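The values are calculated or read from the model by the stated rules, or taken from the named source; none is laboratory data. Computed from a prediction, not measured in an experiment: that's the story for all the values here. Reconstructed Cβ throughout: ideal geometry from the backbone, glycine too, with neighbour counts over all protein chains shown.
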Amino acid sequence: MLYQNRFAKALLWGGICTAILTGCNQPAKEGTATDGTAGTDTTTEMKTVAITAIVEHPALDAVRKGVIDELNDAGFKDGENLKVNFQSAQGNTATAGQIAKQFVADNSDVIIAIGTPSAQSVAAATSSIPLVFSAVTDPVEAKLVSKLDGSGTNVTGGSDALPYEPQIDLMRQIIPSLKNVGYVYSPGEVNSTIILKNLKEKLTPLGIKVHEAPAQRSTDIAMAARSLEGKVDMIYTSTDNNVVSAYESLYQAAKESKIPLIASDTSSVERGAIAALGVNYYDLGRETGKIVVRILNGEKAGAIPVYTPKVLDLYVSPKHAKEQGITLPQAVIDKAKEVVE
């Protein structure tokens, strides 16, 4: 009997110890830090972020890199506690719609859409999953948000909207006798049509005429540029995704026609523009990433204002200017953040 009582007590104490040890080794629940306090332990909780871009080109690629770097610095590391799924629509709006539907079906924690067409496709596919757009010039006109200071919906993001006055000042500094500006653009991209409208409103009172050169596809860009030969003093290019993705062909046409290219995307200077005054797209990506981090940490997308950059960078290329039949004023070169040779 004494042996049986001792054996029973041993079993009892063994069970208690096992329960204690098992409880101590249980992983923290979602929303609970490892020290038992309330919060989210981002080192163990897996999040999923889906990223889509309407096309791949240097500016949009820089946005994506900035987003991922910001997430990494905030503790969300791809392959550890974060799964990143990226898909490009390759310039096809139908493909953008398919990607949006797939991302919604995957039930990602956040969907990031780079470029207006991709953002519009995702917005049409979900009203519940947080959508963070980036590199969208006018998110209100694109009907992504109704206001910039907090949409109250599932949508927010980062805009690359530029003030027109500094752009126009740069054009006139480079070509003081400016009377005719060519504008190559995709008529199907809402950003580009908005910029065309605003350019006309700003330039017409100055006695400067805007000549339209629509190009529906990236393969039409060079032909559109050549149609402006003999009609314009320069060609201005916006952040139109089809145009930027085919900038080398635009550059060749400008060089042959001796029409200077002035851009609003600084990465276009390395690819053929003589000058560009625009936002830093990597920095825009970092700011977009900060918004994503806030949402992953529990904030509502609709309560976060749309980010718009306040600082513009000037890039110039005296080499490309010479190729396109013009000499850049030294005063413009002296103001440049970067001179591309």
Original post:
Among T44, T40, which is modelled with pLDDT of 50 or more and of a type outside the set (G, A, S)?
Top reply: T44
Original post:
Of the residues in the range 261-304, how many are of a type outside the set (A, V, I, L, M), under 17 Å from A113 (Cα atoms) and buried (at least 24 other Cβ atoms within 10 Å of the Cβ)?
Top reply: 4
Subject >> Subset of the range 175-207 (residues that are free of Cβ contacts under 8 Å to residues at least 40 places away in the same chain and over 27 Å from the mean Cα position of the chain (by Cα)) >> reply: P176, L203, T204, P205, L206, G207
**OP:** State which residue is nearest to T48 (Cα to Cα) when the search covers only the range 143-173 and only residues that are touching a strand residue (DSSP E or B) at 6+ places or on another chain (Cβ under 6 Å) and part of a loop (DSSP other than H, G, I, E, B).
**Re:** N154
**OP:** Give the residues of the range 113-139 that are touching a Lys or Arg at 6+ places or on another chain (Cβ under 7 Å) and either surrounded by fewer than 24 Cβ atoms within 10 Å (Cβ to Cβ) or more than 17 Å from A100 (Cα to Cα) (or both), sorted by residue number.
**Re:** A125
Subject >> Residues (in a helix (DSSP H, G or I), closer than 17 Å to D160 by Cβ and not hydrophobic (A, V, I, L, M, F, W, C)) located in the range 211-264 >> reply: N241, N242, S245, Y247
**OP:** Looking only at the range 285-296, decide whether some residue is of a type in the set (G, A, S), assigned by TED's automatic domain parsing to the domain that holds A135 and either more than 26 Å from G66 (Cα to Cα) or in contact with a Gly (Cβ under 7 Å, 6 or more places away or on another chain) (or both).
**Re:** yes
Subject >> Residue that is surrounded by the most Cβ atoms within 10 Å (Cβ to Cβ) [pool: residues in the range 206-232 that are within 15 Å of A254 (Cα to Cα) and among the small types (G, A, S)] >> reply: A225
Original post:
Just for the range 233-252: of the residues that are surrounded by fewer than 23 Cβ atoms within 10 Å (Cβ to Cβ) and over 22 Å from the mean Cα position of the chain (by Cα), which one is farthest from E56 (Cα to Cα)?
Top reply: D233
Subject >> Checklist (1) out of contact with any helix residue (DSSP H, G or I) (no Cβ under 9 Å at 6 or more places or on another chain); (2) over 23 Å from Q90 (Cα atoms) applied to K255, failing item >> reply: (1)
Original post:
Looking only at the range 307-331, which residues are β-branched (V, I, T), touching a residue at least 40 places away in the same chain (Cβ under 8 Å) and under 30 Å from T156 (Cβ atoms)?
Top reply: T308
**OP:** Could you tell me whether the range 67-78 includes any residue that is under 11 Å from the mean Cα position of the chain (by Cα), assigned to a helix (DSSP H, G or I) and of a type outside the set (S, T, Y)?
**Re:** yes
Original post:
Inside the range 62-94, can you point out the residues that are surrounded by fewer than 18 Cβ atoms within 10 Å (Cβ to Cβ), under 22 Å from A123 (Cα atoms) and of a type outside the set (F, W, Y)?
Top reply: K83, N85, Q87, Q90, N92, T93, A94
**OP:** Output the number of residues of the range 174-198 satisfying the condition of being surrounded by 21 or more Cβ atoms within 10 Å (Cβ to Cβ) and in contact with a strand residue (DSSP E or B) (Cβ under 8 Å, 6 or more places away or on another chain).
**Re:** 10
Subject >> Unmet requirement for E299, which otherwise passes all of (1) charged (D, E, K, R); (2) not in a helix (DSSP H, G or I); (3) not assigned by TED's automatic domain parsing to the domain that holds G75 >> reply: (3)
